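Here's the structure we're looking at; comments come further down.
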Ligand SMILES: Cc1ncc(COP(=O)(O)O)c(C=O)c1O
């Protein structure tokens, strides 16, 4: 049914079409990026690692001091209702909680009614041919802020750093940004974690380097260990990417994406497409999602 293909939005107690979803211009989510969000996937009619996403959402909201209306159960019900209304077995889910409406001024204590929003739709972060061939990265001139500025471990609505890094990459003809931390170490991509393969070892920067503790990232570390591969969370530099056998990104939106180049230089041993190690992880990830879903119906 054609109607089922349309983006669905839960807002103010009901599910509506995207064009009918409205928020106040005085919402501090809009005015100041004050809020949290979560991005997750429905695979085969089931929400992938739903409880882990909810937990991260709740801890982010708690860190910012935004109470969840009706607690985690309320959020769980909102997501399930919206995903069912969307009606497709493959979907992307965006759960948002803004600080809510307040006075025109940054003071969050003027906001008393946090606003949950859930958007369920389709998403594709990169063109299909790029996904097959591998995407091109550009090292961003913007650094990931330190945890005592805007904590990259909290999925807040303040994504200007990521948005501008992505813009710079796109303006320079690349697909995605590689974002370094203040020390020049690899943090992550705009909305995805970075992995490299060297020999039979898989490596990714830890959250202390400015990486979000991604749920796809955690899944890939688990999958690789199950495959008998050595995994390490360690600081990485750009040179580690240039000298890696394989490089790939992970994220709920991105899934697992091979990287073909960084700043115009080819990466990895494979001429094109995912390397052998990445391919194994991608295949195992397909099986893993089937075992870690919460059915939406
Ligand atoms: C900044 C950032 N890093 C990494 C990720 C990947 O995390 P996950 O696998 O949980 O989606 C995201 C996801 O949106 C993100 O926003």
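The values are calculated or read from the model by the stated rules, or taken from the named source; none is laboratory data. Owing to the predicted nature of the structure, the values given are computational and were not obtained by experimental measurement. FYI the Cβ positions are ideal-geometry reconstructions off the backbone, even for glycines, and counts take in every protein chain you see.
Filtered by the rule that a residue be surrounded by 19 or more Cβ atoms within 10 Å (Cβ to Cβ) and over 20 Å from residue 215 (Cα atoms), segment 69-84 gives 78, 82.
Scanning segment 1-36 for residues that are surrounded by 20 or more Cβ atoms within 10 Å (Cβ to Cβ) and either in contact with a helix residue (DSSP H, G or I) (Cβ under 8 Å, 6 or more places away or on another chain) or free of Cβ contacts under 8 Å to residues at least 40 places away in the same chain (or both) yields 8, 9, 10, 28, 34, 35, 36. Within segment 200-211, being modelled with pLDDT of 95 or more, under 19 Å from residue 274 (Cα atoms) and surrounded by fewer than 21 Cβ atoms within 10 Å (Cβ to Cβ) holds for 201, 203.
Rundown of residues vs (1) away from the ligand (no atom under 12 Å from the Cβ); (2) over 19 Å from residue 198 (Cβ atoms); (3) modelled with pLDDT of 95 or more, yes/no style:
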residue	(1), (2), (3)
213	no, yes, yes
219	no, yes, yes
234	yes, no, yes
239	yes, no, yes
244	yes, no, yes
249	no, no, yes
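Of the residues making up segment 79-98, at least one is assigned to a helix (DSSP H, G or I), within 16 Å of the ligand (Cβ to nearest atom), out of contact with any helix residue (DSSP H, G or I) (no Cβ under 6 Å at 6 or more places or on another chain) and under 24 Å from residue 159 (Cα atoms).
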